[in-house]
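Below: the structure, in structure tokens.
The values are calculated or read from the model by the stated rules, or taken from the named source; none is laboratory data. Not measured: the values here are computed from a predicted model. All Cβ positions, even for glycine, are placed from backbone atoms using ideal geometry, and neighbour counts span all protein chains on display. Remember, those area values only see protein heavy atoms, side chains included, never the ligands or the DNA or RNA. Shrake-Rupley method; radii C 1.70, N 1.55, O 1.52, S 1.80 Å.
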Amino acid sequence: MAPLKIFGFRALWSPYFLVFLLMLITVYFLITVFYRRNFKSSEPLTTKQGIIFFIGILLLYAIKGAPIDLLGHLMFSAHMTQMAILYLIIPQLLIIGIPQWIWRKLVNVAGIKPIFMLLTKPLIALILFNVFFSIYHIPLVFDMVKTDKITHASYTLVLFLLAINMWWPLINQLEEHQTLSGLKKVGYIFAEGVLLTPACALIIFADSSLYATYSNPAAWQEALKLCVPSNKLSGLELTGPEIFNSMSLVQDQQLGGVLMKIIQEVVLGFVLASSFFEWYRKDQEASNHEINYM
């Protein structure tokens, strides 16, 4: 396997993206700690919220700024690991890590509220995310997104926002936004597991390489331009992604589908367990309240 360092520091560590995320963390703590009292109905930042938000940003850099982002252009399995963490884990961390009072102010903005309320309706949120995720993995769409910087950035952002919408009904803590409870949460989680399966199955059971950006040297080099500076890339003599991967293209592709499904099942299993225990706790509290009342 060829060393990744041939692509240079910028491709490996995305310093501009790192600076952006450091600025984002700075703004977060300025608003939630130092200038919080300037906002009406604000609440103190808890240690749990601060840690969870920081972990979310750290994971975001790890998969979109650190070497795994470059690996995602060389190995399909690395790309699918990126997708799983970006859309199944990070949105949850940001929803929990951003204080409720900030979410309440954001979602109640006049121009945002009606759109947000529509897009976070459980059925709509579930269908939109999974439809866009499945469309993304249609070979023609995938290769187009992976070889155009603007299209790639736009589709990634839209899919990330849809992922936030998809997780919102399950884990948001705003009382006025509790649209799911009890068995409905369990059903929602199972539905998410089922709806993501066709895209993963297409990838896992394909007997040939589906995507030109991993099998066609010209398309692959075009895709590399998304993370490797053009002047650096032009000075390299590269034949194709196989020089960075000991697996065949089909094996790497199948591994990517399997990893996506495994990570999804682990994440959904954790959320299911959390939802069940929350449901049980509330049921017990209601029962105790009735007994005390009697």
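What are the residue pairs meeting all of these: first residue in the range 25-52, first residue without any contact (Cβ under 8 Å) to a residue 60 or more places away in the chain, second residue open to solvent by 70 Å² or more (accessible area, probe 1.4 Å) and in a helix (DSSP H, G or I), Cβ atoms under 6 Å, and 6 or more apart or on different chains?
Filtered contacts from the range 25-52: Leu45/Val33.
If you scan the range 245-266, which residues turn out to be closer than 16 Å to Gly72 by Cβ and in a helix (DSSP H, G or I)?
If we filter the range 245-266 for residues that are closer than 16 Å to Gly72 by Cβ, which is where we start, we get 245, 247, 249, 252-253, 255-257, 259-260, 263.
Within the range 245-266, Leu249, Asp252, Gln253, Leu255, Gly256, Gly257, Leu259, Met260, Ile263 qualify.
Every residue, every condition in (1) part of a loop (DSSP other than H, G, I, E, B); (2) more than 21 Å from Leu140 (Cα to Cα); (3) in contact with a strand residue (DSSP E or B) (Cβ under 8 Å, 6 or more places away or on another chain), yes or no:
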site	(1), (2), (3)
Ala199	no, no, no
Ile203	no, no, no
Leu210	yes, no, no
Thr213	no, no, no
Trp220	no, no, no
Ala223	no, no, no
Val228	yes, yes, no
Ile243	no, yes, no
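Go through the range 197-209 and count every residue that is in contact with a Leu (Cβ under 9 Å, 6 or more places away or on another chain) and either open to solvent by less than 30 Å² (accessible area, probe 1.4 Å) or within 30 Å of Trp13 (Cβ to Cβ) (or both).
2
What about Leu162, is it open to solvent by 10 Å² or more (accessible area, probe 1.4 Å), under 27 Å from Ala206 (Cβ atoms) and either assigned to a helix (DSSP H, G or I) or touching a Ser or Thr at 6+ places or on another chain (Cβ under 8 Å) (or both)? Show your work before the answer.
Values: open to solvent by 10 Å² or more (accessible area, probe 1.4 Å): yes; under 27 Å from Ala206 (Cβ atoms): yes; either assigned to a helix (DSSP H, G or I) or touching a Ser or Thr at 6+ places or on another chain (Cβ under 8 Å) (or both): yes.
Considered against the rule, which asks whether it is open to solvent by 10 Å² or more (accessible area, probe 1.4 Å), under 27 Å from Ala206 (Cβ atoms) and either assigned to a helix (DSSP H, G or I) or touching a Ser or Thr at 6+ places or on another chain (Cβ under 8 Å) (or both), Leu162 comes out as yes.
Which residues, taken from the range 228-287, are within 23 Å of the chain's Cα centre (by Cα) and farther than 30 Å from Ile189 by Cβ?
Hit for the range 228-287 is Val228, nothing else.
If you check Ile68 against the conditions, is it touching a Ser or Thr at 6+ places or on another chain (Cβ under 8 Å), open to solvent by 30 Å² or more (accessible area, probe 1.4 Å) and not in a loop (DSSP other than H, G, I, E, B)?
For Ile68, the condition - touching a Ser or Thr at 6+ places or on another chain (Cβ under 8 Å), open to solvent by 30 Å² or more (accessible area, probe 1.4 Å) and not in a loop (DSSP other than H, G, I, E, B) - is met.
Taking into account only those residues within the range 1-50 that are open to solvent by less than 70 Å² (accessible area, probe 1.4 Å) and of a type in the set (Phe, Trp, Tyr), which is nearest to Leu94 (Cα to Cα)?
Applying the filter and picking the extreme gives Tyr28.
Within the group Gly256, Gly235, which residue is under 20 Å from Ala219 (Cα atoms) and open to solvent by less than 20 Å² (accessible area, probe 1.4 Å)?
None of the others qualify; the one that does is Gly256.
If you check Tyr155 against the conditions, is it part of a helix (DSSP H, G or I), open to solvent by 30 Å² or more (accessible area, probe 1.4 Å) and aromatic (Phe, Trp, Tyr)? Break it down stepwise before answering.
Numbers: part of a helix (DSSP H, G or I): yes; open to solvent by 30 Å² or more (accessible area, probe 1.4 Å): yes; aromatic (Phe, Trp, Tyr): yes.
It is true that Tyr155 is part of a helix (DSSP H, G or I), open to solvent by 30 Å² or more (accessible area, probe 1.4 Å) and aromatic (Phe, Trp, Tyr).
Could you list, in sequence order, the residues of the range 165-185 that are assigned to a helix (DSSP H, G or I) and open to solvent by less than 30 Å² (accessible area, probe 1.4 Å)?
Asn165, Met166, Trp167, Trp168, Pro169, Leu170, Ile171, His177, Lys185 - these are the residues of the range 165-185 that are assigned to a helix (DSSP H, G or I) and open to solvent by less than 30 Å² (accessible area, probe 1.4 Å).
In this structure, is Ala84 in contact (Cβ under 8 Å) with a residue 40 or more places away in the chain and in a helix (DSSP H, G or I)? So that I can check it myself, show each step before the final result.
Values: in contact (Cβ under 8 Å) with a residue 40 or more places away in the chain: yes; in a helix (DSSP H, G or I): yes.
Answer is yes for this residue.
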